[in-house]
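Okay, handing you the structure first.
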Ligand code: TRP
């Protein structure tokens, strides 16, 4: 009996140790999975994310995972101080000013409005900024050029293949004769894409109606209005719309009309289709740039990296619900269909 008890106890101890080990391995602080390697340098990353929506969460997870994976071999012990801006400009500014005041070694900013706040706060402080998923860093006023950013800033960009998205729309839903464009006019990332969309649609003689939103709470009313007037809706890479994507998708399914979007996460949330980049890859690439900066390369000398590998992403359930044939890409009714473009 005593022996059995000892065996059970041993199993329990092993279980607890394994559980703790697992906890450590997935700790959010990069490089904290054990004692510092002798000679490694302790650095702090101030990580700011604009708001919470699935794509930005995916990017952040990829960044911290890569920093954790690569810290040791870069001779670093990395502590990540993560803060969420809650989609609010003054919250973002306060967080970034605190990062500067506490002299973090680098600020990493996810999405355009967060990057703009970080760049302003870090100006003349000597603290480098690495941005992630900024659709148009030049239009957003962050860098002088893609090849030579200048200043103390660089990062990754998710340029949107507007023509490919509309070519896919034309192929899947050839009867669509007008589009509603839903976006937040204060997001420079959206303005840049919408300008390209208007040029494209004007060139084809396709009419469109614009539906501006200021907060995610405006998405439902704007969606209903556009769906009443237009055959389809297009949402650019807009953080405000992405935060309420499920609401927009619901309205469109009720109206039996397609919504084309600019990110895979917006398809996962019920949009019909997009052609876009992989945001885990984008996060990993961002982290590699952060490591370069932390090991001595001036940020302004590292060219901005634009992701260009696109995939077609289709929501098969939405397609079935609104009666769009996507069989060329995969079995209809399937959750998410992804095909290399
Ligand atoms: N590219 C956006 C920006 O510049 C951020 C972003 C990344 C995004 N993934 C997204 C926005 C998905 C909407 C949906 O701010």
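The values are calculated or read from the model by the stated rules, or taken from the named source; none is laboratory data. What you are looking at is a predicted structure, and each value in this text was computed from that prediction instead of being measured. Positions of Cβ are backbone-derived with ideal geometry, glycine not excepted, and every protein chain shown enters the neighbour counts.
Filter segment 201-217 down to residues that are surrounded by 15 or more Cβ atoms within 10 Å (Cβ to Cβ) and away from the ligand (no atom under 16 Å from the Cβ), then give me how many there are.
5
Please determine, by comparing only the residues of segment 223-247 that are within 12 Å of the ligand (Cβ to nearest atom) and in contact (Cβ under 8 Å) with a residue 60 or more places away in the chain, which one is surrounded by the fewest Cβ atoms within 10 Å (Cβ to Cβ).
Per the stated criteria, the residue is 243.
Within segment 255-271, can one find any residue that is closer than 29 Å to residue 232 by Cβ, more than 16 Å from the ligand (Cβ to nearest atom), touching a residue at least 60 places away in the same chain (Cβ under 8 Å) and in contact with a strand residue (DSSP E or B) (Cβ under 9 Å, 6 or more places away or on another chain)?
Yes, segment 255-271 contains at least one residue that is closer than 29 Å to residue 232 by Cβ, more than 16 Å from the ligand (Cβ to nearest atom), touching a residue at least 60 places away in the same chain (Cβ under 8 Å) and in contact with a strand residue (DSSP E or B) (Cβ under 9 Å, 6 or more places away or on another chain).
Which members of segment 170-187 meet the condition of being within 20 Å of the chain's Cα centre (by Cα) and surrounded by fewer than 22 Cβ atoms within 10 Å (Cβ to Cβ)?
185, 186
Among the residues of segment 280-303, is any surrounded by fewer than 17 Cβ atoms within 10 Å (Cβ to Cβ), in contact with a helix residue (DSSP H, G or I) (Cβ under 8 Å, 6 or more places away or on another chain), outside any helix (DSSP H, G or I) and at pLDDT below 95?
So far as segment 280-303 goes, no, none of its residues is surrounded by fewer than 17 Cβ atoms within 10 Å (Cβ to Cβ), in contact with a helix residue (DSSP H, G or I) (Cβ under 8 Å, 6 or more places away or on another chain), outside any helix (DSSP H, G or I) and at pLDDT below 95.
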